[in-house]
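The values are calculated or read from the model by the stated rules, or taken from the named source; none is laboratory data. Since we're looking at a predicted model, the values are computed, not measured. Neighbour counts are summed over all protein chains in view; Cβ atoms, including those assigned to glycine, are modelled from backbone coordinates with ideal geometry. Each accessible area value is taken on the protein alone, full model and side chains, heavy atoms only, with ligands, DNA and RNA left out. Shrake-Rupley method; radii C 1.70, N 1.55, O 1.52, S 1.80 Å.
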Amino acid sequence: MAINNAYLNSVYEDLAARYAEQSEFLEAVHEVLETLVPVVEADPRYEEQNIVGRIVEPERVIIFRVPWVDDNGKVQVNRGYRVQFNSAIGPYKGGLRFRENVNLSIIKFLGFEQIFKNALTTLPMGGGKGGSDFDPKGKSDAEVMRFCQSFMTELVKHIGPDTDVPAGDIGVGGREIGYMFGQYKRLTNTWTGVLTGKGLTYGGSLARTEATGFGLCYFANAQMKANGKSFQGKKVIISGSGNVAIYANQKATQLGGKVIAMSDSNGYIVDENGIDYKVIQVIKEQKRDRISTYLNYVPTAKYVQGCSGIWTVKADIALPCATQNEIDEASAQALVKNGVIGVFEGSNMPCTPEAIAVIKGNGLLYSPGKASNAGGVATSGLEMSQNSERLSWTFEEVDSKLQGIMESIYDSCAAAAEKYGMPGDIQAGANIAGFLKVADAMLAQGVCY
Ligand code: NDP
Ligand code: 2IT
């Protein structure tokens, strides 16, 4: 759909023509640009200096071959990516995703979102993202290690603690970060905080594992509080059963909610008695098994094959925590029909544009991932601070900083929405507040920086 401003629309049209095949990237750009209309109308410098035309183009894209040897001695080849999108406010920062469907469009959409998310945290971090079309699922530890070592053997040339600091995302958790960190250290003969999400014995931060899920619930809680609502006594659906989903379950439960449905890419479980996050930890973190095996632990629960039906489960709050475009228009309509009060995004871009229109059009509370899932990268920023000062903070210290950051992100999104004439629109507020910080830094640094 055309954007209601000639400059923004022309930037988008140029991009759509140049990168026609990058559908996820274009979706993410369109979502941001359509909310920036009042911003570029209020300040002509953004158009005069072509800030928007510059911000949608990555500073650097690195694509490389990742050869590795599987357990049968066969030589495999995957593709590796690192998109260094924007360094106006700090070193590139963002996760690595290992999954079969990874391509340049997905990494660019994630890197683009990361620019604004990182700006919202108030910490000095630029935006970047990377990954590979390698999927650790079904591979042995030794295969994952050999892949990670090969991946880092190239990535090492492009990253550094003051240049670019990767972390985890889908398919990249503590195990993968450990193997990559070990290889970086070996190749450079330096010990630095070049990756975040590290293990606690070698420079990781307490509460980083929990941070995205906890942060999501702190954000949702702040938004619900501002609207006279809370988690107390509410039934919650959480899609996914990975890092974000598990700790969203823990915090939503602590805040008085009851999580009744969770999923993986094969299907979903429903347990009206409430899903104990510790059981999911055993299934996913220890056994690396499928969510269907939940029935071995809780035989009274129900398992349904296919993951998209989870949005038809009757509940009050929806926390998508799996992947992009996991809630389409029909799923959003099912949520509305069931009387859900809010959709708070844990994953990146889980709602299609049509789904967002249905959710907002029916008056549900809605928070975009770049605001409500920023707790992960914010705590990565805290890990970088601890590494730099050679100290480690207590769980309580990190958790309380995280909570403060999430509440202040909510406040700054709400304030920006209000200031630009869209009170209550946290989606627009997040884009505007994130954009302004980066855009003003780019203006100050001139064209050739
Ligand atoms: P994990 O790999 O730990 O877990 C991902 C979960 O989502 C798994 O249950 C996986 O199922 C499911 N999933 C993945 N892809 C699909 C798909 N195409 N369809 C259905 N289900 C799918 O990843 P994270 O929990 O770290 O990440 C989840 C989301 O949160 C992502 O969008 C990520 O970008 C975002 N995010 C993560 C942060 C972090 O700190 N980790 C920070 C901010 C956002 P299966 O086991 O079957 O693969
Ligand atoms: O999408 C995200 O914000 C992440 N995957 C976390 C990035 C990070 O650097 O901690």
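Could you please let me know if SER392 is open to solvent by less than 60 Å² (accessible area, probe 1.4 Å) and either within 15 Å of ligand 2 (Cβ to nearest atom) or over 23 Å from the mean Cα position of the chain (by Cα) (or both)?
No: the conditions fail for SER392.
List every residue pair whose Cβ atoms sit under 7 Å apart, with the two residues 6 or more apart in sequence or on different chains, where the first one lies in the range 145-159 and is assigned to a loop (DSSP other than H, G, I, E, B) and the second, anywhere, is acidic (Asp, Glu) and open to solvent by less than 50 Å² (accessible area, probe 1.4 Å).
Partner pairs satisfying both residue conditions: HIS158/ASP164.
How many residues are assigned to a helix (DSSP H, G or I) and more than 12 Å from ligand 2 (Cβ to nearest atom) if we restrict to the range 107-127? Give the derivation first.
Taking the range 107-127 and keeping what is assigned to a helix (DSSP H, G or I), we get 107-120.
Filter once more, keeping what is more than 12 Å from ligand 2 (Cβ to nearest atom): 108, 119.
The qualifying residues number 2.
For LEU206, work out the one condition from (1) touching a strand residue (DSSP E or B) at 6+ places or on another chain (Cβ under 6 Å); (2) under 26 Å from LYS401 (Cα atoms); (3) touching a residue at least 60 places away in the same chain (Cβ under 8 Å); (4) open to solvent by 40 Å² or more (accessible area, probe 1.4 Å) it doesn't fulfil.
(1)
What single numbered condition from (1) under 21 Å from GLY173 (Cα atoms); (2) surrounded by fewer than 16 Cβ atoms within 10 Å (Cβ to Cβ); (3) within 16 Å of ligand 1 (Cβ to nearest atom); (4) touching a residue at least 40 places away in the same chain (Cβ under 8 Å) fails to hold for GLU100?
(4)
Test LEU216 against the stated conditions and say whether it is surrounded by 19 or more Cβ atoms within 10 Å (Cβ to Cβ), outside any helix (DSSP H, G or I) and not charged (D, E, K, R).
Details: surrounded by 19 or more Cβ atoms within 10 Å (Cβ to Cβ): yes; outside any helix (DSSP H, G or I): no; not charged (D, E, K, R): yes.
So LEU216 fails the test.
Just to be sure before I move on: is VAL194 within 23 Å of VAL77 (Cβ to Cβ) and either within 16 Å of ligand 1 (Cβ to nearest atom) or touching a helix residue (DSSP H, G or I) at 6+ places or on another chain (Cβ under 7 Å) (or both) in the structure I sent?
Numbers: within 23 Å of VAL77 (Cβ to Cβ): no; either within 16 Å of ligand 1 (Cβ to nearest atom) or touching a helix residue (DSSP H, G or I) at 6+ places or on another chain (Cβ under 7 Å) (or both): yes.
In short, no.
Test GLY193 against the criterion of being under 19 Å from PHE151 (Cα atoms), part of a helix (DSSP H, G or I) and more than 11 Å from ligand 2 (Cβ to nearest atom), and give yes or no. Explain how you work it out, then say what you get.
Numbers: under 19 Å from PHE151 (Cα atoms): yes; part of a helix (DSSP H, G or I): no; more than 11 Å from ligand 2 (Cβ to nearest atom): yes.
No.
Of the residues VAL377, VAL358, which is aliphatic (A, V, I, L, M), over 24 Å from ILE115 (Cα atoms) and at pLDDT 95 or above? Spell out how you get there, then give the answer.
Numbers: VAL377 fails: over 24 Å from ILE115 (Cα atoms).
Just a single option satisfies the conditions, and that option is VAL358.
Looking at this structure, is ARG65 open to solvent by 50 Å² or more (accessible area, probe 1.4 Å) and not in a helix (DSSP H, G or I)? Even if it seems obvious, please write down each step before you answer.
Numbers: open to solvent by 50 Å² or more (accessible area, probe 1.4 Å): yes; not in a helix (DSSP H, G or I): yes.
Yes: the conditions hold for ARG65.
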